[in-house]
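Let me begin by presenting the structure, written as structure tokens, before commenting on it.
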Amino acid sequence: MKRRLYQLDVFTRRPYAGNPLAVITDGDGLSRRRMQDVAREMNLSETVFVQKPTCNRALARLRIFTTTRELPLAGHPVIGTWFLLAELGVVPAREGAVRIWQQTGAGILPVEIAFRAGRPVRVTMTQKPAQFRAARLSRAALARALGLASKDFEASLPLEYVSTGIFNLMVPLRRRAALKRISMDIHALKNLISNSGLLAYCFALGNPGKAFARGMIPWELHEDPATGSAGGSLGAYLVRHGRLPAAKNLEIVQGVEMGRPSRIHVEVRLNGGRYVPRVSGSAVTLLEGSIEA
């Protein structure tokens, strides 16, 4: 059966930058195995299958797959899919912001789409309250796995796993220059973090309200050009450790070293002692067609 297929670049306003995403807009009736087959064929960090929701509150259900497994939630798939659905008229356009609900593996979560002149310009996802878990691993071993030295780490900040839907390892670096020197040993990094987190989110702080990051993945794609889930986790981590005021915008620049510059905007709100990130970005549609699935 032919299914509608779109490919977008997410967390960017121009083509051939940001993070590529494949979206199947008519994903009902596909088995989990077939969805995994399609995601493997796309060979991107994530592929989304849009389905009818099982909850009346949600406008659509998003099934998100990497090349190896299904994820409960991820940032650039949510931003890109709802940007596309807004372009296709699934979300009714009106000037200003439209708030809808989505069904994901992480639960029913809100999404806000900003329109200008009838076109979507930005999508904002509210992520789950952040969870924090101590990283019980050797800094020296992690440095070797990343091709860095222990002195490249920012000693005043901890290595910490943070989740706003999926756990990622926060890796603070002293200077942005260290990001350029990362040379990952994929097997060593996988042995260190694969039981606890999806990727190592290496970052260095710039001017107030700005960070630079690389998302190192210990499986076949090696690196992610823009990671919305980890971006939300980073915002919560920085607020928790006093490096970012709550409700202040954080701009994360990622993917530069890959030639795919991306910009992720994060705002963390405190709600009853919980850190709740809102992650925003734009997208551009590059192609559309059909796939046999």
- Message: Being at pLDDT below 95, surrounded by fewer than 19 Cβ atoms within 10 Å (Cβ to Cβ), assigned by TED's automatic domain parsing to the domain that holds residue 195 and over 21 Å from residue 210 (Cβ atoms) is the requirement here; does residue 136 meet it?
- Response: yes
- Query: Mind checking whether some residue in region 204-219 is out of contact with any Asp or Glu (no Cβ under 6 Å at 6 or more places or on another chain) and farther than 26 Å from residue 275 by Cα?
  - Reply: yes
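Could you say which residue among 262, 196, 229, 282 is among the small types (Gly, Ala, Ser), farther than 27 Å from residue 85 by Cβ and out of contact with any Cys (no Cβ under 6 Å at 6 or more places or on another chain)? Write out each step before concluding.
On the way: 262 fails: farther than 27 Å from residue 85 by Cβ; 229 fails: farther than 27 Å from residue 85 by Cβ; 282 fails: farther than 27 Å from residue 85 by Cβ.
Answer to the selection: 196.
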- Task: Taking residue 70 as the residue in question, decide whether it is of a type in the set (Asp, Glu) and closer than 21 Å to residue 163 by Cα.
- Result: yes
- Would you be able to tell me the number of residues in region 58-82 that are modelled with pLDDT under 95, surrounded by fewer than 24 Cβ atoms within 10 Å (Cβ to Cβ) and in a loop (DSSP other than H, G, I, E, B)? 5
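Of the residues that sit in region 18-47 and are outside any strand (DSSP E or B) and among the small types (Gly, Ala, Ser), which one is nearest to residue 222 (Cα to Cα)?
In the first step, residues of region 18-47 are kept if they are outside any strand (DSSP E or B); the result is 18, 25-46.
Next cut, among the small types (Gly, Ala, Ser) only: 18, 27, 29, 31, 39, 45.
Working: 18: 16, 27: 27, 29: 31, 31: 27, 39: 16, 45: 10 Å.
It comes out as 45.
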- Item | Matching residues in region 83-120 - criterion: being modelled with pLDDT under 95, farther than 19 Å from residue 48 by Cα and surrounded by 15 or more Cβ atoms within 10 Å (Cβ to Cβ) | 93
- Leading residue by the ranking (surrounded by the most Cβ atoms within 10 Å (Cβ to Cβ)) among those in region 173-199 that are among the hydroxyl-bearing types (Ser, Thr, Tyr) and out of contact with any strand residue (DSSP E or B) (no Cβ under 9 Å at 6 or more places or on another chain): 194
- Can you find even one residue in region 216-238 that is closer than 18 Å to residue 150 by Cα and modelled with pLDDT of 95 or more? yes
- In this structure, is residue 101 of a type in the set (Phe, Trp, Tyr), more than 16 Å from the chain's Cα centre (by Cα) and not assigned by TED's automatic domain parsing to the domain that holds residue 229? yes
- Task: Given the conditions (1) more than 20 Å from residue 266 (Cα to Cα); (2) surrounded by 19 or more Cβ atoms within 10 Å (Cβ to Cβ), report the number of the one that residue 229 does not fulfil.
- Result: (1)
- Task: Would you point out the residue of region 1-17, among those that are in contact with a helix residue (DSSP H, G or I) (Cβ under 9 Å, 6 or more places away or on another chain) and assigned to a strand (DSSP E or B), that is nearest to residue 231 (Cα to Cα)?
- Result: 10
- Query: Looking at region 234-268, which of its residues are in contact (Cβ under 8 Å) with a residue 40 or more places away in the chain, outside any strand (DSSP E or B) and touching a Phe, Trp or Tyr at 6+ places or on another chain (Cβ under 7 Å)?
  - Reply: 234, 236, 240
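For region 210-244, enumerate the residues that are small (Gly, Ala, Ser) and in contact with a strand residue (DSSP E or B) (Cβ under 6 Å, 6 or more places away or on another chain). Show your work before the answer.
First, pick out the residues of region 210-244 that are small (Gly, Ala, Ser): 211, 213, 215, 226, 228-233, 235-236, 242.
Correct list: 211, 213, 215, 226, 228, 230, 231, 232, 233, 235, 236.
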- Report the residue count in region 121-149 for those that are under 24 Å from the mean Cα position of the chain (by Cα) and hydroxyl-bearing (Ser, Thr, Tyr). 2
- Query: surrounded by 20 or more Cβ atoms within 10 Å (Cβ to Cβ), of a type outside the set (D, E, K, R) and under 25 Å from residue 183 (Cβ atoms), is that true of residue 216?
  - Reply: yes
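The values are calculated or read from the model by the stated rules, or taken from the named source; none is laboratory data. Because the structure is predicted, anything quoted here is derived from the model rather than measured. Note that we place each Cβ from the backbone using ideal geometry, even for glycine, and neighbour counts take in every protein chain shown.
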